[in-house]
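The values are calculated or read from the model by the stated rules, or taken from the named source; none is laboratory data. Computed from a predicted model, the values in this text were never measured in an experiment. Using ideal geometry, Cβ is built from the backbone for each residue, glycine included, and neighbour counts are taken over all protein chains shown.
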């Protein structure tokens with residue numbers, strides 16, 4: 001979803017009209033106060049704000065978004081029916097990711113929107129930040145062109161697939177988001193609250209939702225879910241994804257599995 005904040009010049013309504021034939025879900029908001037609360041509730045993948053040289057509300061809203069703890073990540077574009085150099089400088093200095101003067105055609109506006117989203121996705125992927133919207137998560141996975149491989153585990157972000165010993169494992173979108181986020185930050189311990197914010201977007205979920213998702217993933221990915229090799233619990237803290245591959249697995253007769261360590265148990269093995 002893209003939220004478009006309309007003002008008095010009509011630039012917002014024009015942007016809404018130009019993007020109405022695309023695949024984006026659009027929400028047109030009037031700049032009358034309460035926009036921050038609405039954006040926080042809707043959690044769009046981007047917002048477009050109308051600015052007008054004689055009305056500073058658009059610039060003030062952009063600054064407020066950048067200061068808001070749960071909206072600072074939001075890609076923001078400012079649009080105008082005018083387009084002086086001074087207004088462009090003010091727009092960018094206010095924290096906008098792009099400024100579109102004297103709105104052009106639908107193709108250019110759509111290209112600008114996609115460019116902003118791709119830029120944000122690449123930056124977020126490199127920094128390991130949370131994924132606040134499903135649409136942006138898809139952009140993030142497309143930005144990563146190589147699979148993540150550790151031992152028997154392969155995470156293919158392009159296809160949003162997980163392979164275990166070469167066989168695809170069926171996972172839900174939520175399960176994939178969790179394992180992908182942990183893989184991007186392997187060997188880093190996250191609390192349950194941090195994972196709720198990063199993967200679930202909080203959404204008033206209980207920390208037990210994280211435990212349940214981890215349990216499901218262990219049964220799907222681990223050779224022995226009760227003694228996990230990858231998804232490990234750090235007691236009193238939270239979870240981490242160990243991509244070190246510090247264990248060998250050997251198949252025994254009768255289908256049993258023996259798990260042996262290449263090295264003496266380290267700090268992580270104590271918390272399996």
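Yes or no: the stretch 208-219 includes at least one residue that is modelled with pLDDT under 90 and not in a helix (DSSP H, G or I). No, because not a single residue in the stretch 208-219 is modelled with pLDDT under 90 and not in a helix (DSSP H, G or I). Among the candidates 39, 59, the residue that is under 20 Å from the mean Cα position of the chain (by Cα), in the same structural domain as residue 112 (by TED's automatic domain parsing) and either modelled with pLDDT of 85 or more or under 23 Å from residue 90 (Cβ atoms) (or both) is uniquely 39. Counting only strands (runs of 3 or more DSSP E) that sit completely within the stretch 12-115, zero hold 1 or more residues that are without any contact (Cβ under 8 Å) to a residue 12 or more places away in the chain and within 25 Å of residue 197 (Cα to Cα).
How many of the residues making up the stretch 55-80 are surrounded by fewer than 17 Cβ atoms within 10 Å (Cβ to Cβ) and touching a helix residue (DSSP H, G or I) at 6+ places or on another chain (Cβ under 7 Å)? Of the residues in that region, 4 qualify.
Just to be sure, is residue 197 over 24 Å from residue 163 (Cβ atoms), surrounded by 11 or more Cβ atoms within 10 Å (Cβ to Cβ) and modelled with pLDDT under 90? It is true that residue 197 is over 24 Å from residue 163 (Cβ atoms), surrounded by 11 or more Cβ atoms within 10 Å (Cβ to Cβ) and modelled with pLDDT under 90.
The set of residues from the stretch 81-95 being under 16 Å from residue 11 (Cα atoms) and in contact with a helix residue (DSSP H, G or I) (Cβ under 8 Å, 6 or more places away or on another chain) comprises 81, 91.
Going residue by residue through the stretch 233-243, is there one that turns out to be out of contact with any strand residue (DSSP E or B) (no Cβ under 8 Å at 6 or more places or on another chain), at pLDDT 85 or above and not assigned by TED's automatic domain parsing to the domain that holds residue 69? Yes, some residue in the stretch 233-243 is out of contact with any strand residue (DSSP E or B) (no Cβ under 8 Å at 6 or more places or on another chain), at pLDDT 85 or above and not assigned by TED's automatic domain parsing to the domain that holds residue 69.
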